[in-house]
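Down below is the structure, laid out as structure tokens.
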Amino acid sequence: MKILAIRGKNLASLAGDFSVIFEQEPLKSAGLFAISGPTGAGKSTLLDALCMALYESTPRLLKAGSGKTLPDGTDLITHQDAANLLRRGCADGFAEVDFIGNDGLHYRSRWSVRRARGNIKGSLQPSKMTLHQLPEIQPIGGTNREVKAEIIQRIGLNFEQFTRAVLLAQNEFSSFLKADDNERGELLETLTGSTIYSVISQRAFARAKLELQALQRINDRLADQKPLDSETRTTLETESQAAQQKLAGLDQQLEQLDSAKRWHKDDEKITLSVQTAQATLNEQSAAHTQAEPRREKLQQLDAVQASRPLITELDRSSGALAQSIATIASCKTQQESASTASVTANAALLL
């Protein structure tokens, strides 16, 4: 990673816009340079702007403590709130860094904060982080969390690693030079992130102490258990063999009892099955008896089935006979009508 430029506006002790371009003279060819000036000139603010643009946090804010709050209009903000870097009496501010990532490409990361409606008395709004690839100004990431993850990926260091390997916090180096051996060791652990080894060492020591105590308790118990003499050992072995034989006999007896138990269970199942079958047989016998009238009727119906064609033929003949009788009666009526008409006609001829 290589820092190309730092820009900002209205941050801490630096009012208005400011910028430091490392790709321009005289810094481009300076090699090694120092940031110096009186107290309040903005030296730490430049480093704050660098950290804020990349990680939305600074070592100075982390040291401020999280339990204290400051009034901000009608609101309260904590000492560790990143909005504390916005200069008092200003409506907006930002920190911006141009850098070359570990992939060799150029990027611009930016952190910004503003007050509501651009009013210096307005409430502080949530800060915003952006990341763009240069020179196309192509946006990368969406939310602040996504942008910070993309920045860490391109720098190759998280905030803790960056502040230990690239940006040494103010006063840390002088504290290191003046510290005694123990304090210097603790400070080196803080700067190199090796505190985990102290924790491991402490836990290993505590674990070793616990294991030694457990071993001592086992040794104490073994000291109380003296070896048996030959006569006592022989007696105990004889008793053990007798107990084993007795146990084998009891196991055999248990097996016989289990077999008898299974036989009784099978007998109970068979008896229950017989009772169920007998009950079913009784039900079927009762149903058979109740169906006797129906069987007799069915037998009668079966007996008359042979006469069914004769009955059908009788019904047909009876119908034909009735129709013939009706036809005869109709013919007689017609004959009588014809006879009357004939007599009437003969009388008319005589006249």
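The values are calculated or read from the model by the stated rules, or taken from the named source; none is laboratory data. None of the values given here were measured: they were computed from a predicted structure. All Cβ positions, even for glycine, are placed from backbone atoms using ideal geometry, and neighbour counts span all protein chains on display. Note: accessible area is taken over every heavy atom of the protein model, side chains too, but ligands, DNA and RNA are not part of it. Shrake-Rupley method; radii C 1.70, N 1.55, O 1.52, S 1.80 Å.
Among the residues of region 1-35, which ones are under 27 Å from Q161 (Cβ atoms), part of a loop (DSSP other than H, G, I, E, B) and not charged (D, E, K, R)?
Residues satisfying the conditions are M1, A12, F22, L27, A30, G31, L32, F33, A34, I35.
Could you please find all residues in region 255-284 being among the charged types (D, E, K, R) and open to solvent by less than 100 Å² (accessible area, probe 1.4 Å)?
D258, D266, D267
Working only within region 47-57, note down all residues that are hydrophobic (A, V, I, L, M, F, W, C) and either open to solvent by 30 Å² or more (accessible area, probe 1.4 Å) or in a strand (DSSP E or B) (or both). If you could, list the steps in order and put the result at the bottom.
Step one: list which residues in region 47-57 are hydrophobic (A, V, I, L, M, F, W, C), which gives 47, 49-54.
Within region 47-57, L47 is the sole residue that qualifies.
Among (1) farther than 24 Å from L157 by Cα; (2) modelled with pLDDT of 85 or more; (3) open to solvent by less than 30 Å² (accessible area, probe 1.4 Å), there is one condition D92 misses while meeting the rest; what is its number?
Here D92 clears every test but (3).
In this structure, is D98 crowded, with 16+ Cβ neighbours inside 10 Å, acidic (D, E) and farther than 20 Å from K2 by Cβ?
So D98 fails the test.
Out of I200, I196, I need the residue that is modelled with pLDDT under 75 and of a type in the set (A, V, I, L, M, F, W, C). Which one?
I196
Could you tell me whether any residue of region 152-164 is open to solvent by 50 Å² or more (accessible area, probe 1.4 Å) and at pLDDT 90 or above?
Yes, the conditions are met somewhere in region 152-164.
Taking the condition part of a helix (DSSP H, G or I), loosely packed, with under 12 Cβ neighbours inside 10 Å and at pLDDT 85 or above, does R117 pass?
Yes; evaluated as a whole, the condition is true for this residue.
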